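A short write-up of the structure that comes next.
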Amino acid sequence: MALYEHIFLARQDIAAPQVDALVETYKGVIEANGGKVGRIENWGLKSLTYRIKKNRKAFYVLMDVDAPAAAMQEVERQQRYNEDILRFMTVKVEAHEEGPSAMMQKRDRDDRPRREDGDRPFRPREDRPRRDGDRPFRPRES
């Protein structure tokens, strides 16, 4: 059996328990076709970059699946006809990631790698390259 990551977007109009019911429905379809579902992440209601079928927000759900191709085709077929599903995508992967996905990890600005000297070097204005149209440099008066 192949490993898949399946993500789908559900309409913002439905309630959170209905999203959970959709997950259970598709989980049942996968298990009925000989597959199994591993991690399920509900990312919650998030804003969309652009409108999809007149919706500005959607519930995002990620599922790690170990199933035959026929099971994933059946899930996609059912999602295609479900009015509550805006979009879906299935990606075949070599191995499932351990731990939470990138969307569930809380990242701070302090976690980003820093330069060795700690900050950008000071670069005085007169050292900058000149461009056409730049006014001549006039030193500040103290």
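The values are calculated or read from the model by the stated rules, or taken from the named source; none is laboratory data. Keep in mind that what you see is a predicted model, and the values were worked out from it rather than measured. Cβ atoms come from the backbone with ideal geometry, glycine included; neighbour counts cover every protein chain shown.
Yes/no matrix, rows are residues, columns are (1) within 16 Å of Gln73 (Cβ to Cβ); (2) of a type in the set (A, V, I, L, M); (3) surrounded by 14 or more Cβ atoms within 10 Å (Cβ to Cβ):
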{"position": "Met1", "(1), (2), (3)": "yes, yes, no"}
{"position": "Leu9", "(1), (2), (3)": "no, yes, yes"}
{"position": "Ile14", "(1), (2), (3)": "no, yes, yes"}
{"position": "Leu22", "(1), (2), (3)": "no, yes, yes"}
{"position": "Tyr26", "(1), (2), (3)": "yes, no, yes"}
{"position": "Gly34", "(1), (2), (3)": "yes, no, no"}
{"position": "Thr49", "(1), (2), (3)": "no, no, no"}
{"position": "Lys53", "(1), (2), (3)": "no, no, no"}
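Can you find a residue that is surrounded by 16 or more Cβ atoms within 10 Å (Cβ to Cβ), on the phi < 0 side of the Ramachandran plot, assigned to a strand (DSSP E or B) and acidic (Asp, Glu) anywhere in the range 72-91? No.
What about Leu62, is it assigned to a strand (DSSP E or B) and surrounded by fewer than 14 Cβ atoms within 10 Å (Cβ to Cβ)? Against the criterion (assigned to a strand (DSSP E or B) and surrounded by fewer than 14 Cβ atoms within 10 Å (Cβ to Cβ)), Leu62 does not qualify.
Tally the residues that are in contact (Cβ under 8 Å) with a residue 12 or more places away in the chain and farther than 20 Å from Lys92 by Cα, restricting the search to the range 14-24. Number of matching residues: 6. All conditions but one from (1) of a type outside the set (Phe, Trp, Tyr); (2) at pLDDT 75 or above; (3) exposed (fewer than 10 other Cβ atoms within 10 Å of the Cβ) apply to Glu97; the one that does not is (3).
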